[in-house]
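Here is the structure we will look at, set down as structure tokens.
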Amino acid sequence: KHTLTVYMPAGGHVHLGGICDDNSFNILINDLYNLFCNRDKEYPYITKRVCELFGLPLYKLESHNKQRRYSIPRHIWHYLLKKHLHWTLREIALLTGRHNTTIAYSIKMVTESKKMNGRGLLSKVDIANLQKIIDELKEKL
């Protein structure tokens, strides 16, 4: 029987596998590899561009710091992972070390701010940076 603990770059951990036999454990490891390493080569690009446009090192984007200068780029990051990679809330939560309700909140905040054209949580500059990444992604695809 095996237990797998995955430690997230942003801190925290997730226990996976619980009590499972060798075959189930191998399937779980294979699925995790496919999810995080093999699928969607755009993940590193999105992450890098968000960091560049907002002038953040990766560890600040992944941090749990609630200051606006870190949380806004993090909301945008979550939004892009959902809308352009079509990952589930659970997949994004596992990858970023957050709870899926936090991811849902991020996506809601960005969506509402886009509709309000800079009068919501995101400023017009934040929305312009978001649109720049979206346009780049469309060109790449």
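The values are calculated or read from the model by the stated rules, or taken from the named source; none is laboratory data. Since we're looking at a predicted model, the values are computed, not measured. All Cβ positions, even for glycine, are placed from backbone atoms using ideal geometry, and neighbour counts span all protein chains on display. Protein only, heavy atoms only, side chains kept; ligands, DNA and RNA dropped before computing areas. Shrake-Rupley method; radii C 1.70, N 1.55, O 1.52, S 1.80 Å.
Count of segment 75-118 residues, restricted to those that are touching a helix residue (DSSP H, G or I) at 6+ places or on another chain (Cβ under 6 Å) and on the phi > 0 side of the Ramachandran plot, is 1.
Within segment 95-106, residues that are of a type outside the set (A, V, I, L, M, F, W, C) sit with their Cβ atoms under 7 Å from residues that are surrounded by fewer than 18 Cβ atoms within 10 Å (Cβ to Cβ) and in a helix (DSSP H, G or I), at 6+ positions apart or across chains, in these pairs: Asn100/Arg90. Checking each residue in segment 82-104 for being open to solvent by 30 Å² or more (accessible area, probe 1.4 Å), part of a helix (DSSP H, G or I) and within 17 Å of Leu130 (Cα to Cα) picks out Lys82, Lys83, His84.
Within segment 114-135, the residues that satisfy the criterion of being open to solvent by less than 40 Å² (accessible area, probe 1.4 Å) and not in a loop (DSSP other than H, G, I, E, B) are Asp126, Ile127, Asn129, Leu130, Ile133, Ile134. Within segment 72-88, take every residue that is within 11 Å of the chain's Cα centre (by Cα) and β-branched (Val, Ile, Thr) and give me the one that is farthest from Lys60 (Cα to Cα). Top of the filtered list is Thr88.
Of everything listed in (1) open to solvent by less than 30 Å² (accessible area, probe 1.4 Å); (2) part of a helix (DSSP H, G or I); (3) in contact (Cβ under 8 Å) with a residue 12 or more places away in the chain, the single unmet condition for Thr111 is (1).
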